[in-house]
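Everything below concerns the one structure shown next.
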Amino acid sequence: MGLDKDQGASRQQRLERTLRTLSNGLSAVIHITDEQKLLEEICRIAVNTGGYAFAWIGYAQDDAARTVRPMAHAGFHAGYLQEITVSWAEDALGQGPVGRAIRSRSPEFSRQIASDQLFAPWRKTALKHGFQAVGALPLLVEGSVLGSLNLYSRLDTFDQEEIELLTSLADNLAFGIQAIRIRIQRDEQEALMRNNQQLLQERVKELDLLLSISQIRNQEDLSLLEILEWIAKVLPSAWRFPELAAARVAVYEYGEFKTDGFRPSPYSLKSVLQAGDRDIGEIEVVYLEEPPVQDNSVFLPEEKDLLQSVSAQTADIVQHCQTVVELRKLSGALEQAADTVVITDTEGKIEYVNHAFEEVTGYPRAEALGRKPNILKSGQHPPEFYTHMWETILKGEVYRDTVINRTRDGTLYYEQKTISPLFDQQGRLTHFLATGKDLTEQLRTESRLQYLTRNDALTGLMNQKEFIRHVDQVLRDEASRIESLAVVAIGLDSFKFVNETFGRYQGDQVLKMMGERLSRAVDMPVARIGSDEFCFMLKGKAAKQPEAIVYESLDALAQPFSIQEEELVLTASAGISCYPLDSREGLVLLQKAETAMSRAKTSGIQRFEFYTPDMQVNSVHRLRLNKALLEALEKSQFSLYFQPQIDLTSNLISGVEALVRWEPPGLPAVSPQEFIPLLEDMGRISELGDFVIQEACDAYQRINKAGLDLPQISINLAAPQLEDPLLVRKLTRALDRAGLEAHNLELEITESLLISQFEKVQDNLAELRKLGTGVALDDFGTGYSSLQYLTRYPFSKLKIDKAFIWSMALNSKDYEVVKAIISLGHSLGIRVVAEGVEKKKHVQVLLDLGCRYCQGYLFSPPLEEKAFMSYVKTFTRDFSP
Ligand code: C2E
Ligand code: MG
Ligand code: MG
């Protein structure tokens, strides 16, 4: 019983497997469009899904031995097929299930290989592979047997249900094969039809060609002989009975061209080739046999016309080619020479080029013929240059000049060109002969050197020396006429961040772009005079009132651009010096413009200054400052001033910014804008920074102890401080020593610092966040304005740069920037503080825009500690406008 049940269960499993085999097989039949692939897939399914040990498909061959040829197989018994021979003949080798199935067209089995006498020829091999049973299912395609699908099992299988399913599988396979074959046949027929159609179209094309034979000379670089041969060859196809037609083209000077099989015939049509009043040859079309025409007209009137037209055109071609041949003879000597030779017709169409032309220009002859020499046009000459050239040669004169041309791959080259008009015997202009001497190598060395002595290698703009020479020349040449001249120096405000953040290459691209922008904006030659500095000169009216142009150029530079999908803005500052007020020399004018530019930079971004004598900050001064700074560090000559921040809504002091001051003994105070970058350059900024941190905490402690309740104090951090791994420890220590909470302290960092160093300072920022110290973004809106950073850190404040506050009432773009920053801050929940508030008008605009916090001279300048304390004490004023 138990055995029966087991057998029942495995039988059930087998049936299910066979069913799955059938459905997978069907899917293969539907989807596979290649017969061989289909056979392989069915074998694979039989083995993988059907669980048969081995499967193969054989096609019945019609050879003498009636072999069954294995076409595909699957399973690990490929060797089996090599060891056996199967036939579908009546002999012993055809008595296995395969042979029987093919002959009987119905499934045949050998269920007990071990004892099946008919299987004797293959028994040993089959048993060696472990096969117990075999089934062969015939493949009936279009009513005849194609072969069989053969399945091998290690079990005694193949009951009635399984056989039915397998028969369906074989039928499906046969159907699939048939469908594929039909499709192929259909495709072939379609291709054949297409082919016929193509042939037909080709004939029509040939006729067309024939009717416009003249075009042939422009189409290819064919010799006259080739052309005549071609005409003879295509002629018959244009006649009513092309298969009976043959043609002959004779040109007395060159010989005779005949189609295969041409012979004199009574059915002939002839036309004479005439050049002027000379007969130069003859064209003939014949039918080699009597054509099957109903009436007497062997040739139609149209055909007579056609032949005449062909002969006229052929004569024309012959004449034309003769001229070219003559020209070639003429240029034969030059063919070997290094000079380029081009022969064009009167319209400039190229008819001949020599080898040197191919070498120099990179245009193979075949490509150049039929085109015009303007394929070499470089764009380096103004249109008038070419007009003049044409005028000269059309007048019949020889033209000579150095021309800059462009090779096929785009390289420029210099050519000493001579273009001569050529005339025929009647004195008519027929061709132009142009010869060219390649001067590139010679000029390249000279001009590159020259170029580099005058131009900046990166941007191609003038260099500083050339600019000075240029200014001096203008001053000299126009000395009597020139009343005023201005030199404008423009420096990008924070270009080094581009280099540091995106690398030199991107930096170079930005400089190139900035040079281009500037050149476009000022419409005067621009020079690059330093890594991120440019300059230009203004004359006449523009020099008297340079503000507008300078403002425009600063604006042009400050347009957004993107690097690596990041949108950036680089602002610039400018300095202006004027002739004759500031100097009468180019060099000095430039130096003074640069001095004014440095000053403009210290007063904000995107500003400009006219040079004034008090600006003379020279390098000696700088060296002195360096020395004095070292001393100042040692002797602690720094102090902090304090500037309040006002809450306009509550009229309370909402915070205070500590600003460092340095008054070297015996010298006027130096601005932090000047000495902080110096300390950074000297690598000593953290010493000052440490002092500021501690001193600010202590001062805040003293201020609060005095009963002046200030919520917080802000200090400014320089870039190296934010990178300092000890920063958080230093802050904690200072806070502890002064007995302050972390939230009492706020650190102001500039936007550009953040962007250029974001990766480096991320750890510190994360720790500051943990510590609970606020981080404010200072001078917001300048430099980059990359907003993505705002969402990457919970900043406590955005401080709108004072330049925007000052210009927002005048410049609608700046107004929009301020408005956007305020609403951006609000939507991100960040407090927005306006810096540099100097006028009531500023307050009014800011209140209208919903900005609540302000800092600026209107309320108070930075004050020394005591003065600040009394300011806070007496602070009751109402600043509402
Ligand atoms: P900042 O952080 O943007 O500071 C504001 C600057 O604007 C201060 O200049 C302040 O005196 C000035 N200011 C405030 N209100 C007005 C106004 O209404 N009109 C005008 N014209 N100016 C106003 P200051 O003190 O010369 O500082 C300049 C810059 O130097 C600061 O800009 C800051 O970037 C840097 N700085 C100052 N102290 C420190 C410091 O302790 N450490 C570091 N790393 N940098 C500092
Ligand atoms: Mg600040
Ligand atoms: Mg600021």
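Out of Ile676, Ile703, report the one residue that is assigned to a helix (DSSP H, G or I), crowded, with 16+ Cβ neighbours inside 10 Å and within 16 Å of ligand 3 (Cβ to nearest atom).
That would be Ile676, the only listed residue that is assigned to a helix (DSSP H, G or I), crowded, with 16+ Cβ neighbours inside 10 Å and within 16 Å of ligand 3 (Cβ to nearest atom).
Looking at Thr649, is it under 50 Å from the mean Cα position of the chain (by Cα) and of a type in the set (S, T, N, Q)?
No, not satisfied.
Determine the pairs where a residue that is touching a residue at least 24 places away in the same chain (Cβ under 8 Å), located within the stretch 628-654, has a partner that is assigned to a strand (DSSP E or B) and exposed (fewer than 14 other Cβ atoms within 10 Å of the Cβ) with Cβ atoms under 6 Å apart, the partner being 6 or more residues away or on another chain.
Tyr641/Glu864
Under the condition of being open to solvent by 10 Å² or more (accessible area, probe 1.4 Å) and outside any helix (DSSP H, G or I), which residue from the stretch 837-850 is nearest to ligand 2 (Cβ to nearest atom)?
It comes out as Glu838.
Inside the stretch 71-85, can you point out the residues that are closer than 19 Å to Ala101 by Cα and crowded, with 19+ Cβ neighbours inside 10 Å?
Start the filter on the stretch 71-85 by keeping residues that are closer than 19 Å to Ala101 by Cα, which leaves 71-73, 81, 84-85.
If the condition is that a residue be closer than 19 Å to Ala101 by Cα and crowded, with 19+ Cβ neighbours inside 10 Å, then Ala72, His73 are the ones that fit.
Which one of the conditions (1) open to solvent by less than 40 Å² (accessible area, probe 1.4 Å); (2) away from ligand 3 (no atom under 16 Å from the Cβ); (3) under 19 Å from Thr649 (Cβ atoms); (4) touching a Leu at 6+ places or on another chain (Cβ under 9 Å) does Val832 fail to meet, given that it meets all the rest?
Every condition holds for Val832 apart from (2).
Let me confirm something: among Leu151, Leu139, which residue is within 19 Å of Ile84 (Cβ to Cβ), crowded, with 24+ Cβ neighbours inside 10 Å and hydrophobic (A, V, I, L, M, F, W, C)?
None of the other options fit; the residue is Leu151.
Check whether at least one residue in the stretch 815-824 is in contact with a His (Cβ under 8 Å, 6 or more places away or on another chain) and open to solvent by less than 70 Å² (accessible area, probe 1.4 Å), and report yes or no.
No, the conditions are met nowhere in the stretch 815-824.
Which residue out of Leu771, Leu708 is closer than 19 Å to Tyr853 by Cβ, open to solvent by 10 Å² or more (accessible area, probe 1.4 Å) and more than 16 Å from ligand 3 (Cβ to nearest atom)?
Testing whether each residue is closer than 19 Å to Tyr853 by Cβ, open to solvent by 10 Å² or more (accessible area, probe 1.4 Å) and more than 16 Å from ligand 3 (Cβ to nearest atom) leaves just Leu708.
Going by what's in this entry, would Ala126 be described as closer than 23 Å to Asp171 by Cβ, surrounded by 19 or more Cβ atoms within 10 Å (Cβ to Cβ) and of a type outside the set (Val, Ile, Thr)?
Against the criterion (closer than 23 Å to Asp171 by Cβ, surrounded by 19 or more Cβ atoms within 10 Å (Cβ to Cβ) and of a type outside the set (Val, Ile, Thr)), Ala126 does not qualify.
The rows are residues; the columns are (1) under 23 Å from Glu483 (Cβ atoms); (2) within 25 Å of the chain's Cα centre (by Cα).
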{"residue": "Met513", "(1), (2)": "no, yes"}
{"residue": "Phe534", "(1), (2)": "no, no"}
{"residue": "Ala548", "(1), (2)": "yes, no"}
{"residue": "Phe561", "(1), (2)": "no, yes"}
{"residue": "Ala572", "(1), (2)": "no, no"}
{"residue": "Ser583", "(1), (2)": "yes, no"}
{"residue": "Arg599", "(1), (2)": "no, no"}
{"residue": "Ser603", "(1), (2)": "no, no"}
{"residue": "Gln606", "(1), (2)": "no, no"}
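Which is exposed (fewer than 13 other Cβ atoms within 10 Å of the Cβ), in contact (Cβ under 8 Å) with a residue 40 or more places away in the chain and over 28 Å from Arg684 (Cβ atoms), of Gln545, Gln559? Quick ask: steps written out before the conclusion?
Numbers: Gln545 fails: in contact (Cβ under 8 Å) with a residue 40 or more places away in the chain.
Matching residue, one of Gln545, Gln559: Gln559.
Any idea which residue in the stretch 794-806 is farthest from ligand 3 (Cβ to nearest atom), counting only those that are open to solvent by 20 Å² or more (accessible area, probe 1.4 Å) and in a loop (DSSP other than H, G, I, E, B)?
Top of the filtered list is Pro794.
Using the structure shown, decide if Pro97 is touching a Gly at 6+ places or on another chain (Cβ under 7 Å), open to solvent by 30 Å² or more (accessible area, probe 1.4 Å) and in contact (Cβ under 8 Å) with a residue 40 or more places away in the chain.
no
Being surrounded by fewer than 16 Cβ atoms within 10 Å (Cβ to Cβ), within 15 Å of ligand 1 (Cβ to nearest atom) and outside any loop (DSSP other than H, G, I, E, B): is that true of Ala809 here?
Against the criterion (surrounded by fewer than 16 Cβ atoms within 10 Å (Cβ to Cβ), within 15 Å of ligand 1 (Cβ to nearest atom) and outside any loop (DSSP other than H, G, I, E, B)), Ala809 does not qualify.
Considering only the stretch 736-752, state which residues are assigned to a helix (DSSP H, G or I), touching a residue at least 40 places away in the same chain (Cβ under 8 Å) and either over 30 Å from Thr501 (Cβ atoms) or among the hydrophobic types (A, V, I, L, M, F, W, C) (or both).
Arg737, Ala738, Asn744
From the list Met524, Met513, which residue is in contact with a strand residue (DSSP E or B) (Cβ under 9 Å, 6 or more places away or on another chain), modelled with pLDDT under 90 and surrounded by fewer than 22 Cβ atoms within 10 Å (Cβ to Cβ)? Break it down stepwise before answering.
Working: Met513 fails: modelled with pLDDT under 90.
Step by step, each of Met524, Met513 is checked, and only Met524 is in contact with a strand residue (DSSP E or B) (Cβ under 9 Å, 6 or more places away or on another chain), modelled with pLDDT under 90 and surrounded by fewer than 22 Cβ atoms within 10 Å (Cβ to Cβ).
Out of the residues in the stretch 650-666 that are surrounded by 15 or more Cβ atoms within 10 Å (Cβ to Cβ) and not hydrophobic (A, V, I, L, M, F, W, C), which is farthest from ligand 3 (Cβ to nearest atom)?
Across the stretch 650-666, the extreme among qualifying residues is Pro664.
Hey, does the stretch 212-228 have a residue that's over 17 Å from Ser309 (Cβ atoms), at pLDDT 75 or above and crowded, with 16+ Cβ neighbours inside 10 Å?
yes
If we keep just the residues of the stretch 747-764 that are within 16 Å of ligand 2 (Cβ to nearest atom) and within 33 Å of the chain's Cα centre (by Cα), which is modelled with the lowest pLDDT?
Only one residue tops the list, namely Ser752.
Which one of the conditions (1) of a type in the set (Val, Ile, Thr); (2) in a helix (DSSP H, G or I); (3) within 18 Å of Val588 (Cβ to Cβ) does Thr501 fail to meet, given that it meets all the rest?
Condition not satisfied by Thr501: (3).
Going by the conditions given, is Asp208 at pLDDT below 85 and outside any helix (DSSP H, G or I)?
In short, no.
Taking the stretch 52-89 as the search range and keeping residues that are touching a residue at least 60 places away in the same chain (Cβ under 8 Å) and part of a loop (DSSP other than H, G, I, E, B), which one is nearest to the chain's Cα centre (by Cα)?
Residue satisfying both the conditions and the ranking: Gly75.
Would you call Leu810 in contact with a Pro (Cβ under 9 Å, 6 or more places away or on another chain) and either at pLDDT below 80 or away from ligand 2 (no atom under 16 Å from the Cβ) (or both)?
no
Among the residues of the stretch 859-870, are any out of contact with any helix residue (DSSP H, G or I) (no Cβ under 8 Å at 6 or more places or on another chain), within 29 Å of Phe608 (Cβ to Cβ) and open to solvent by 40 Å² or more (accessible area, probe 1.4 Å)?
Taking every residue of the stretch 859-870 in turn, at least one turns out to be out of contact with any helix residue (DSSP H, G or I) (no Cβ under 8 Å at 6 or more places or on another chain), within 29 Å of Phe608 (Cβ to Cβ) and open to solvent by 40 Å² or more (accessible area, probe 1.4 Å).
Which residue pairs have Cβ atoms under 6 Å apart, sit 6 or more places apart or on different chains, and have a first residue in the stretch 510-529 that is more than 16 Å from His470 (Cα to Cα) and a second that is open to solvent by less than 40 Å² (accessible area, probe 1.4 Å) and of a type in the set (Ser, Thr, Tyr)?
As it stands, the answer is Lys512/Thr459; Gly515/Thr459; Leu518/Ser553; Ala521/Ser553; Val522/Ser553, since those pairs meet every condition given.
The values are calculated or read from the model by the stated rules, or taken from the named source; none is laboratory data. This one's a predicted model, so the numbers in the text were calculated from it and none came from an experiment. Every residue, glycine among them, receives a Cβ derived from its backbone with ideal geometry; neighbour counts consider all protein chains shown. Side chains are part of the model used for accessible areas, which takes the heavy atoms of the whole protein and leaves out ligands, DNA and RNA. Shrake-Rupley method; radii C 1.70, N 1.55, O 1.52, S 1.80 Å.
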